[in-house]
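Worksheet: one structure, shown below.
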Amino acid sequence: MSLTWSAKDHKNQNQPAAVGQKRSRNDVGNKVTVVLGAQWGDEGKGKVVDLLATEADFVCRCQGGNNAGHTVVVDGKEYDFHLLPSGIINTKSISLIGNGVVIHLPGLFEEGDKNEKKGLKGWEKRLIVSDRAHIVFDFHQVVDGLQETERQAQEGKNIGTTKKGIGPAYSSKASRTGLRVCDLLGDFKDFSTRFKNLVHQYQSMYPSLTVDVEDQLKKLKEYGERLRPMVRDGVYYMYEALHGPPKKILVEGANAALLDIDFGTYPFVTSSNCTVGGACTGLGIPPVNIGDVFGVSKAYTTRVGIGAFPTEQLNAVGELLQTRGHEVGVTTGRKRRCGWLDLVIVKYAHMINGFTAIALTKLDILDVLDEIKVGVAYKLNGKRIPHFPANMDVLHKVEVEYETFPGWKTDTSAARKWNDLPAKAQNYIRFVENHIGVPIKWVGVGKSRECMIQMF
Ligand code: GDP
Ligand code: IMO
Ligand code: MG
């Protein structure tokens, strides 16, 4: 069975690949490399994916939606990706939006067209969309906002969502009233009925919600037709990729471990599994095909939105990290909250994801500090606690135990190899590596592709 990698071959290939070829027990097929956020998001996943995607055949998104904002800087040009896998920049690779992703169609096309104007070529011909992916409707986004207002009124605080409709769309999916790409491209009469029922369901919960159903259906039909050439049975497509000739397959995680619906700082999380399991369920990849799992962590910590943040620095250090690091959300333009690197959370993320290596980004932002702290343990009532707490009241109360390092006070942005880094920066990196217990494979010292020191 042959793989369909080139853009021209993708056209009208809606036939699923044949399965059931007999294989030996040891022949598990191609291994997939997964890139995941190890903190609260915005660690630089886009940059790491871009780096790896220069050699990848196939780059996939497995979860989340356009709540993600991944920045890639190539030849001085900055591209922002929200739904499109960042690997789409590599014109030799194919990108796949998997079944686990929730897709806002106007958002997808707007993003593609905007990046095309910047120089991204032929993205529509190189994008495959799973027919099982759920659709985020405009009203899901409105409901996201209404739910935030309700939370604020009832509990005095909201989540600080991106208002991209992610929570409501995954709620529709879980309550089995959601609509998928295959529904949009199937019997439109049936789709329209189910769409109207879904609108009705939300209007009974939120009487202020107004939806111009006919207008929405008209637009959805148009978007559906534009999407149709890209749509495939994602399961068979992935199977073929895994079991065809050797291929480099990359999965780009969105959001991050501490925003995971199961393992994150619930309820201040997103609505999908941003940890390694999401790569399996969101793309139909058997666990045995998972190869390297690269965790991405900043050399400090940031968080957008509400929720506990033990190492947050509401002081001059936090401000310096925010301004020097240009810590502003790519999706919402909100200032990111900043603090010291918290190794309790990175180790926790490693427990769940089994990182095979770490990319430590934005080391250069620390260049001007006199001293640098790293959170190594949490204490409650003066005693160390042995785990990362599930309960947010507890997480709000923990005191952080820090290790303090002298700053290197040297510009690292021109460093391209380990020996170019000052000894104090090397000490800092080695400490982080030993504490997490995972090798650091890359150290980031700037925005662009070449500003990534590869350690091995
Ligand atoms: P993502 O969501 O994990 O892909 O990360 P974002 O793109 O939202 O945020 C990371 C930001 O840091 C982007 O603006 C990147 O261009 C930038 N960045 C990534 N790595 C580095 C680095 O090593 N140094 C500096 N100075 N900036 C970096
Ligand atoms: P990337 O992929 C940072 C946060 C939001 C909010 C919470 C829930 O760029 O790292 P949602 O809209 O998902 O319901 O919001 O999750 N959040 C992110 N924060 N980076 C992201 O993605 C995020 N995706 C969601 O700020 O606190
Ligand atoms: Mg981001």
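According to the calculation over all Cα-Cα pairs in segment 61-143, the P(r) per 5 Å bin from zero is 3, 15, 27, 27, 17, 8, 3, 1 %. When the square roots of the Cα gyration tensor eigenvalues are ordered a ≥ b ≥ c, the ratio a/c for segment 192-271 is 1.5 or more and a/b does not exceed b/c, which makes its shape oblate. With just the Cα atoms defining each centre, how far is segment 407-437 from segment 53-111? Give it in Å. Segment 407-437 and segment 53-111 have Cα centres separated by 30 Å. The GluC sites (Glu not before Pro) of segment 345-425 include none that DSSP puts in a loop with a beta carbon having at most 16 other beta carbons within 10 Å. Residues of segment 151-189 with an amide N closer than 20 Å to a point placed 7 Å from the Cα of Lys196 along the Cα-to-Cβ direction: 177-180, 183-189.
The relative contact order of segment 119-258 comes to 31 percent, based on Cα pairs under 8 Å that sit 6 or more residues apart. Remark: relative contact order (the chain) = 20 percent; criterion is Cα-Cα distance under 8 angstrom and separation of 6 or more residues. Within the straight-line cut-off of under 15 Å between alpha carbons, the aspartates and glutamates reachable from Lys383 are Glu399, Glu401, sequence neighbours fewer than 8 places apart in one chain being disregarded.
Going through the cross-link list Lys347/Lys379; Lys125/Lys248; Lys196/Lys218; Lys362/Lys409; Lys77/Lys409; Lys248/Lys441, which pairs have a Cα-Cα distance over 21 Å in this structure? In this structure, Lys77/Lys409 lie more than 21 Å apart at Cα. Residue separation of Ser448 and Thr149 scaled by 0.36 nm, minus their Cα-Cα distance, works out to 103.8 nm of gained length. Using 0.36 nm per residue and subtracting the Cα-Cα separation, the extra length available between Cys182 and Asn427 on full extension is 82.9 nm. One equal scatterer on each Cα of segment 124-242, no solvent, Debye formula: the resulting log10 I(q)/I(0) at q = 0.11, 0.17, 0.21, 0.22 Å⁻¹ is -0.43, -0.90, -1.20, -1.27. May I ask for the net charge around Ser130, where only other residues with Cβ less than 14 Å from the Cβ of Ser130 are counted and Lys, Arg are +1 while Asp, Glu are -1? After counting each charged neighbour, the total is +2. Rounded to the nearest 5, the antiparallel percentage of DSSP beta bridges internal to the chain is 40%. Distance between the 7 Å Cα→Cβ label points at Arg334 and Thr410: 3.9 nm.
Which aspartates and glutamates have a Cα lying under 13 Å from the Cα of Lys118, excluding residues fewer than 8 positions away in the same chain? The reachable aspartates and glutamates, counting only those whose Cα sits under 13 Å from Lys118, are Asp75, Glu78, Asp80, Glu110.
Taking a ≥ b ≥ c as the square roots of the eigenvalues of the Cα gyration tensor of segment 271-388, is the shape rounded (a/c under 1.5), prolate (a/b larger than b/c) or oblate?
It is prolate, given that a/c is not under 1.5 and a/b is the larger ratio.
Measuring nothing but how far apart in sequence close Cα pairs (under 8 Å, 6+ apart) lie, relative to its length, segment 116-181 scores a relative contact order of 41 percent. Sort the chain into rounded, prolate or oblate with this rule: let a ≥ b ≥ c be the square roots of the eigenvalues of the Cα gyration tensor; rounded if a/c is under 1.5, and if a/c is not under 1.5, prolate when a/b is larger than b/c, oblate otherwise. Oblate shape, in that a/c is at least 1.5 and b/c is the bigger or equal ratio.
Every number in this text was worked out from the coordinates using simple rules, so none of it is lab data. Everything numeric here is computed off the predicted structure, so don't read it as measured data. Cβ coordinates were reconstructed from backbone atoms using ideal geometry, including for glycine residues, and neighbour counts include every protein chain displayed.
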